[in-house]
Amino acid sequence: MQLKKFGSNKLDVSVIGQGTWYLDRGDRKAAVAALRRGIETGMTHIDTAEMYGDAELVIADAIAGLPREKLFLVSKVLPSNAARRGTITACERSLKRLKADYLDCYLLHWRGSYPFEDTVAAFDELVRSGKIRSWGVSNFDEDDLGELLDVAGESKIACNQVLYHLQERAIEHAVIPWCEKHGVAVVAYSPFGHNDFPSPRSKGGEVLQAIADAHKATPRQVALAFLTRTASVLAIPKASSAEHAAENAAAGDLKLSDAEIAALDKAFPRGPKPRGLPIL
């Protein structure tokens, strides 16, 4: 599994991690097995949020008995809880549900009504107390990031988690360049799209399959390799089975040629910059 530096905290993190949105909606035993298999195959970067129902409880079952220092756990605070005291309370609640002593990174899920000064003060307090090792954000465009930087200063924002898949490449216009300039990791959520992965019968799907065949890989592995082709980008696909988790993990060592990247770029053009940042 390829490792990448995770923004400002400089920790080595698996380029392919594990998302957990809706993970609590299906079979609990299968979900735990998927997370376990993912960890075994190198996907030690596990992402969750207080908004994700019982996902934190599922993760707690999956990581029970495993060395904590081998994992990279991330959770998120809802904007409605992102006051100074509310952020700290939410973090402590997530830690209790995860049965963990600390988070490796804690994110503001999206921008809300509380001033950045309040949330950043809470994040800094959580760092000082050892409850989190770093902090970041999710669903922030470049303007939001700029405002946050003015409050927090350089080298504080560890990551920005954003929607990014083959058919939604808006973040390439400004968000990724901004993050690269300021040493912020970019984490792609829903990297297969939201129930709209390219059909094998589509033109783009045919390109994916041809490249996959050349590498004895799968189209989803090729998609992950394309999205994480630059040094700043990691991805957190969700897997509902152990087999799917192993498939995702194998993308962590897949290298595409310049010609293959160009072919995918042509097959799935990024399009014009939208007025607003796409989110789910």
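The values are calculated or read from the model by the stated rules, or taken from the named source; none is laboratory data. Since the structure is predicted, the reported quantities are computational estimates derived from the model, not experimental observations. Quick reminder, even Gly has a Cβ in these numbers, built from the backbone with ideal geometry, and neighbours come from all protein chains shown.
For region 68-100, name all the residues that are of a type in the set (D, E, K, R) and in contact with a helix residue (DSSP H, G or I) (Cβ under 7 Å, 6 or more places away or on another chain). Spell out how you get there, then give the answer.
Step one: of region 68-100, the residues of a type in the set (D, E, K, R) are 68-70, 76, 84-85, 92-93, 96-97, 99.
Across region 68-100, the qualifying residues are ARG84, ARG97, LYS99.
Check ARG97, ARG93, ARG85 and return the single one that is touching a residue at least 40 places away in the same chain (Cβ under 8 Å), surrounded by fewer than 16 Cβ atoms within 10 Å (Cβ to Cβ) and not in a loop (DSSP other than H, G, I, E, B).
The match here is ARG93.
Mind checking whether some residue in region 206-216 is surrounded by fewer than 22 Cβ atoms within 10 Å (Cβ to Cβ) and either of a type in the set (Ser, Thr, Tyr) or under 30 Å from SER75 (Cβ atoms) (or both)?
No, region 206-216 has no match at all.
How about region 100-112: which of its residues are more than 15 Å from GLY17 (Cβ to Cβ) and not in a loop (DSSP other than H, G, I, E, B)?
The answer is TYR106, LEU108.
Among the numbered conditions (1) touching a His at 6+ places or on another chain (Cβ under 8 Å); (2) in a strand (DSSP E or B); (3) β-branched (Val, Ile, Thr), tell me where VAL222 comes up short.
Failed condition: (2).
Restricting to region 145-170, and then to whatever is touching a Ser or Thr at 6+ places or on another chain (Cβ under 9 Å) and of a type in the set (Asp, Glu), can you tell me which residue is nearest to CYS105 (Cα to Cα)?
In this case the residue turns out to be GLU154.
Pull up region 133-188, narrow it to residues that are without any contact (Cβ under 8 Å) to a residue 60 or more places away in the chain and part of a strand (DSSP E or B), then point me to the one that is farthest from PRO274 (Cα to Cα).
Only one residue tops the list, namely TRP135.
Would you please name the residue that is nearest to PRO272 (Cα to Cα), looking only at residues in region 189-219 that are in a helix (DSSP H, G or I), touching a helix residue (DSSP H, G or I) at 6+ places or on another chain (Cβ under 6 Å) and not polar (S, T, N, Q)?
Filtering region 189-219 for residues that are in a helix (DSSP H, G or I), touching a helix residue (DSSP H, G or I) at 6+ places or on another chain (Cβ under 6 Å) and not polar (S, T, N, Q), the one nearest to PRO272 (Cα to Cα) comes out as GLY204.
Quick one: is GLY65 out of contact with any helix residue (DSSP H, G or I) (no Cβ under 6 Å at 6 or more places or on another chain), in a loop (DSSP other than H, G, I, E, B) and at pLDDT 95 or above?
Spelling it out, GLY65 is indeed out of contact with any helix residue (DSSP H, G or I) (no Cβ under 6 Å at 6 or more places or on another chain), in a loop (DSSP other than H, G, I, E, B) and at pLDDT 95 or above.
How many of the residues in region 5-59 are surrounded by fewer than 20 Cβ atoms within 10 Å (Cβ to Cβ) and not in a helix (DSSP H, G or I)?
Matching residues across region 5-59 total 14.
Among the residues that make up region 218-241, is at least one of them within 20 Å of the chain's Cα centre (by Cα) and more than 29 Å from LYS5 (Cβ to Cβ)?
yes
Just to verify a result, which residue in region 244-268, among those that are touching a residue at least 60 places away in the same chain (Cβ under 8 Å) and not hydrophobic (A, V, I, L, M, F, W, C), is surrounded by the most Cβ atoms within 10 Å (Cβ to Cβ)?
Looking at residues that are touching a residue at least 60 places away in the same chain (Cβ under 8 Å) and not hydrophobic (A, V, I, L, M, F, W, C), I get ASN248.
Quick check on this structure: which one of LEU78, LEU3 is touching a Phe, Trp or Tyr at 6+ places or on another chain (Cβ under 9 Å), of a type outside the set (Gly, Ala, Ser) and touching a residue at least 12 places away in the same chain (Cβ under 8 Å)?
Only one candidate qualifies: LEU78.
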